[in-house]
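Below is one structure, written out as structure tokens; the observations come after it.
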């Protein structure tokens with residue numbers, strides 16, 4: 001009886017020493033992007049994720065592709081609930097594939113929202129309500145995707161575009177464009193962050209926008225759009241005349257009608 005107890009004690013001691021070492025190694029591998037972080041979902045979703053992982057194993061990518069194709073079929077049938085439901089499964093199977101988050105959001109914030117907005121069989125208030133709800137759903141999808149891919153610039157850009165074009169939340173659009181730029185987004189994302197901040201109703205955002213655009217102006221990049229938004233901010237922030245840029249605000253010309261038969 002004594003020897004089995006000693007063996008158990010040795011195993012417990014060995015496990016206690018081994019566990020912290022394994023945890024440190026796993027943490028280092030995750031920092032190097034060699035091992036993925038565990039999915040942080042709710043209790044019900046964790047159970048569902050574990051079930052999917054256990055039942056599908058290495059087939060998760062294939063199944064996700066098949067379900068994404070099925071979602072496209074439901075899109076052609078304008079069955080938005082099924083499109084959303086299928087993409088919920090797809091993004092849980094492949095949460096670190098940015099394309100799935102983009103597509104899921106695009107279907108909700110643009111396709112579904114526009115479908116309801118222009119559906120004349122519905123009452124105007126209901127059309128607006130359903131459209132707004134699907135735009136919000138598109139935003140929520142991207143925010144969830146950014147939980148898994150917080151440093152992916154394209155997801156930040158897609159979020160910024162919805163804020164700018166669909167909800168007119170310019171402060172939030174500026175924040176999203178700025179995050180895209182900070183995580184390696186193309187150069188225009190920095191400029192667009194300044195443009196969005198300039199159009200917001202938030203004085204703190206005006207300061208951010210002015211700092212961005214003035215720095216770009218001083219670096220020798222005075223595009224018409226940049227000058228326009230800088231002049232806008234000079235007015236909003238009551239910049240003294242002697243501190244304003246010398247450029248005149250560009251005059252945007254409407255194209256003249258073309259000669260010939262009208263289509």
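The values are calculated or read from the model by the stated rules, or taken from the named source; none is laboratory data. Quantities reported herein were computed from a predicted structural model and do not represent experimental measurements. Neighbour counts are summed over all protein chains in view; Cβ atoms, including those assigned to glycine, are modelled from backbone coordinates with ideal geometry.
Among the conditions (1) in contact (Cβ under 8 Å) with a residue 40 or more places away in the chain; (2) out of contact with any helix residue (DSSP H, G or I) (no Cβ under 9 Å at 6 or more places or on another chain), the only one that residue 59 does not satisfy is (1). Being modelled with pLDDT of 95 or more, surrounded by fewer than 16 Cβ atoms within 10 Å (Cβ to Cβ) and not in a loop (DSSP other than H, G, I, E, B) is the requirement here; does residue 69 meet it? For residue 69, the condition - modelled with pLDDT of 95 or more, surrounded by fewer than 16 Cβ atoms within 10 Å (Cβ to Cβ) and not in a loop (DSSP other than H, G, I, E, B) - is met. The residue that is surrounded by the most Cβ atoms within 10 Å (Cβ to Cβ), counting only those in the stretch 112-125 that are part of a helix (DSSP H, G or I) and in contact with a helix residue (DSSP H, G or I) (Cβ under 8 Å, 6 or more places away or on another chain), is 112.
Residue pairs whose Cβ atoms lie under 8 Å apart, separated by 6 or more positions or on different chains, with the first residue in the stretch 85-97 and in the same structural domain as residue 146 (by TED's automatic domain parsing) and the second modelled with pLDDT under 95 and in a loop (DSSP other than H, G, I, E, B), are 92/39; 92/41; 95/39; 96/36.
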